[in-house]
Amino acid sequence: MIQEYLPVLLQLAIAAGFAGVTLLLSVALGKSARRNAVKDSPYECGMLPVGDSQPRFSVKFYLVAMLFVIFDIEVVFMYPWAVTFGDFLARGQGAMVFWSMSGFVGILLVAYLYALKKGALNWKS
């Protein structure tokens, strides 16, 4: 049993050994630079960093992002329907499948109108 796993264990041992030796060599042979406040500051495209490194985002940003993800996933469900719609037409089930997707799109439209009414997509408020 162990003979079947021997090549895998040998590869893991070699990979771990290589990583360890590489790290030890970089510590032993690498240059140690002097630290100062200027060199330890974050690089911001040549500009001096001003303010916090992690700015606070508005809740509106997250709300719009979540709405985008939700509606994007719903659109993904429409692709398989569109691909197989021709097969349903050939079998005589086109009307039922069409009205089912129309109901789905109608629910999405109601959700979109609700988001508009609540001002979820209005950036100025």
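With all pairs of different C-alpha atoms in the average, the Kirkwood value for the hydrodynamic radius of segment 59-117 is 13.0 Å. Segment 1-16 and segment 47-106 have Cα centres lying 46 Å from one another. Comparing mean-square fluctuations of ALA111, ALA65, ALA37 from a GNM of the chain with C-alpha springs under 10 Å, the top value falls on ALA37. Across segment 94-107, rounded Karplus estimates of 3J(HN,Hα) from the backbone phi angles (6.51 cos²θ - 1.76 cosθ + 1.60, θ = phi - 60°) give x, 5, 5, 5, 4, 6, 5, 5, 5, x, 4, 5, x, 5 Hz, Gly and Pro being marked x.
Going through (1) 17.3; (2) 19.6; (3) 6.9, the figure that equals mean projected area of the Cα convex hull in nm² as computed for the structure here is (2).
Taking other C-beta atoms within 10 Å as the exposure proxy, ASP87, ASP40 rank ASP40, ASP87 from fewest upward.
Here LEU12 and TRP81 are evaluated by their C-beta separation; at R0 = 41 Å the FRET efficiency comes out at 0.35. Straight-line reach from LYS118: which lysines fall under 19 Å, measuring Cα to Cα and dropping same-chain residues less than 8 apart? In chain and number order, the partners are LYS60. Considering only GLN54, GLN93, GLN11, the mean-square fluctuation computed in a Gaussian network model of the chain, springs between alpha carbons under 10 angstrom, is largest for GLN11.
Sparse packing (at most 16 other Cβ atoms within 10 Å of the Cβ) combined with a DSSP loop state is found for the following chymotrypsin sites (Phe, Trp or Tyr not before Pro) in segment 73-125: PHE77, TRP123.
Every read-out reported here was derived from the displayed coordinates using simple, explicitly stated rules and does not represent laboratory data. Worth saying up front: this structure is predicted, and the values here are computed from it rather than measured. Reconstructed Cβ throughout: ideal geometry from the backbone, glycine too, with neighbour counts over all protein chains shown.
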